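*Asks:* Sharing a structure here in structure tokens format.
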Amino acid sequence: ENKLVDEKIKEIAKNNKTFSDKNERSEKGDLVIFDYNASVNGEKFEGGEGKNTRLVVGEDLFLKGFDEKLIGVKKEENKIIEVNLPENYPKKELANKKAKFECKIINVQKPNETKIDDTFAKNLGTKDLADLKSLVEKQISTQYKQTFDSITKKEILDQIEKLHKLELPKNLVNQEINLMTRQLKKEEIEKHKSKNLKIATSRIKLGLILN
């Protein structure tokens, strides 16, 4: 349980990274802030302009291959980056075309070491680290409960039974059938023989597995 909580908090920390200015060239993990103007075959296109675009180098969240070309840039520098627009680009005629991005680098920042402590928890709006942990724990429990509630008992039992191909002793099965059908007339029992056999086998297996 606690391991899950710690992992979740690490994930929160990763998604709430803070950065501070650096005067060196950018490397993987740094935040690069830039303006750009893009063109295809020398022509500007709608959506080909961006101001104050923020990219963490290496997360590859912009255009495929764009990030790695931002490695080694410095504040106030101009950089031309050429990449293909994606196949699913909304403007069909531009899909997969090579685009030229003229970028003006506004700033390069490095990630700060995230210390998971009370200050970190306070910045997220909780009282302290213990409070953050209990909130995360509640959230995880709720998610588990919702997932578990949505699976019916029958589905669980069906799955368990599938997992256990048990060969059962005949006398055990017959005993169960007799118990199940003791109120029934002989012809009734004969009529539903295969169905009763199936139910009896299932009941014994589940009994054994659940025990």
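*Asks:* Given a 1.4 Å probe and every protein chain left where it sits, what share in percent of the accessible area of the range 66-155 is carbon and sulfur?
*Replies:* Answer for the range 66-155: carbon and sulfur cover 51 percent of the accessible area.
*Asks:* Below 8 Å, C-alpha to C-alpha, sequence gap of six or more: please give me the relative contact order for the range 1-147 in percent.
*Replies:* Relative contact order for the range 1-147 comes out at 29 percent.
*Asks:* Report D for the range 1-59 in µm² per second (integer): Stokes-Einstein, Kirkwood Rh on Cα pairs, 4 °C, 1.567 mPa s.
*Replies:* Values: Rh = 14.6 Å.
D = 89 µm²/s.
*Asks:* Okay, next question. Can you find, among 207, 136, 96, the residue sitting farthest towards the positive end of the charge dipole of the range 59-207, where Lys and Arg contribute +1 and Asp and Glu -1 at Cβ?
*Replies:* The one lying farthest along the dipole's positive direction is 207.
*Asks:* Starting from the Cα gyration tensor of the range 138-211, multiply each eigenvalue by 5, take the square root, and state the resulting semi-axes largest first in whole Å.
*Replies:* Working: eigenvalues 229, 39, 18 Å².
So the equivalent ellipsoid measures 34, 14, 9 Å along its semi-axes.
*Asks:* Using the Karplus curve 6.51 cos²θ - 1.76 cosθ + 1.60 with θ = phi - 60°, work out ³J(HN,Hα) for each residue of the range 130-141 in order, rounded to whole Hz, and write x for Gly and Pro.
*Replies:* Listing the rounded values in order: 4, 5, 4, 4, 5, 5, 5, 4, 4, 4, 5, 4 Hz.
*Asks:* Tell me the relative contact order for the range 53-211 as a rounded percent, counting alpha carbon contacts under 8 Å between residues six or more apart.
*Replies:* That works out to 12 percent.
*Asks:* Can you tell me what percent of all Cα-Cα pairs in the range 1-107 are more than 23 Å apart?
*Replies:* Values: 2096 of 5671 pairs.
Within the range 1-107, distances greater than 23 Å cover 37 percent of Cα pairs.
*Asks:* Amide H neighbours of residue 19 under 5 Å, counting only residues 5+ apart in sequence or on other chains, H built in-plane at 1.01 Å?
*Replies:* 112
*Asks:* Also: Going Cα to Cα from residue 195, which lysines come in below 24 Å? Please leave out same-chain ones fewer than 8 positions away.
*Replies:* Of all the lysines, those that pass the test against residue 195 - Cα under 24 Å, at least 8 places apart if same chain - are 153, 154, 162, 165, 170, 185, 186, 205.
*Asks:* For the range 1-134, with only Lys/Arg (+1) and Asp/Glu (-1) charged at the beta-carbon, what is the dipole magnitude about the Cα centre, in debye rounded to 20?
*Replies:* The calculated dipole for the range 1-134 is roughly 200 debye.
*Asks:* Compare the Cα positions of 56, 189, 71 along the charge dipole of the chain (+1 at Cβ of Lys, Arg; -1 at Cβ of Asp, Glu; about the Cα centre) and return the one farthest towards the positive end.
*Replies:* Of 56, 189, 71, it is 189.
*Asks:* Which residue fluctuates the most in the chain, going by a Gaussian network model with Cα springs under 10 Å, if the choices are 154, 98, 127?
*Replies:* It is 154.
*Asks:* Count the net charge of all other residues whose Cβ sits under 12 Å from the Cβ of residue 182, scoring Lys and Arg as +1 and Asp and Glu as -1. Walk me through the numbers on the way to the answer.
*Replies:* Numbers: positive: 185, 186; negative: 176, 188.
Counting the neighbours of residue 182, the net charge comes to 0.
*Asks:* Is there a quick way to get the dipole size of the range 149-194? I mean about its Cα centre, with the Cβ of Lys and Arg at +1 and of Asp and Glu at -1; what is the value in debye to the nearest 20?
*Replies:* 220
*Asks:* Okay, next question. Restricting to DSSP loop positions (anything but H, G, I, E, B) with no more than 16 other Cβ atoms inside 10 Å of their own Cβ, which GluC sites (Glu not before Pro) remain in the range 131-193? Spell out each step's value before the answer.
*Replies:* On the way: sites: 137, 155, 161, 167, 176, 187, 188, 190; in loops: 167.
For GluC sites (Glu not before Pro) across the range 131-193 that sit outside H, G, I, E and B with at most 16 neighbouring Cβ atoms in 10 Å, the list reads 167.
*Asks:* Leaving out ligands and nucleic acids, and using a 1.4 Å probe, what accessible area per residue does the range 72-146 come to in Å²?
*Replies:* For the range 72-146, the per-residue accessible area is 68 Å².
*Asks:* Which one, [x] 49, 38, 30; [y] 93, 51, 25; [z] 60, 42, 35, gives Cα extents along the principal axes in Å as derived from the coordinates shown?
*Replies:* Derived directly from the coordinates: [y].
*Asks:* Using only Cα positions of the range 67-158, each an equal point scatterer, no hydration layer, compute I(q)/I(0) via Debye at q = 0.13 Å⁻¹ and quote the log10 values to two decimals.
*Replies:* Calculated log10 I(q)/I(0) at the listed q: -0.82.
*Asks:* Taking the solvent-accessible surface of protein heavy atoms with a 1.4 Å probe, what is the per residue accessible area of the range 172-211 in Å²?
*Replies:* Accessible area per residue, the range 172-211: 81 Å².
*Asks:* For a bin width of 10 Å, list the pair-distance distribution of the range 114-161 built from all Cα-Cα distances, rounded to whole %.
*Replies:* Answer for the range 114-161: a P(r) of 25, 29, 20, 15, 12, 0 percent.
The values are calculated or read from the model by the stated rules, or taken from the named source; none is laboratory data. Model, not experiment: these values are computed from the prediction. Reconstructed Cβ throughout: ideal geometry from the backbone, glycine too, with neighbour counts over all protein chains shown. With ligands, DNA and RNA removed, areas are computed over all heavy atoms of the protein, side chains included. Shrake-Rupley method; radii C 1.70, N 1.55, O 1.52, S 1.80 Å.
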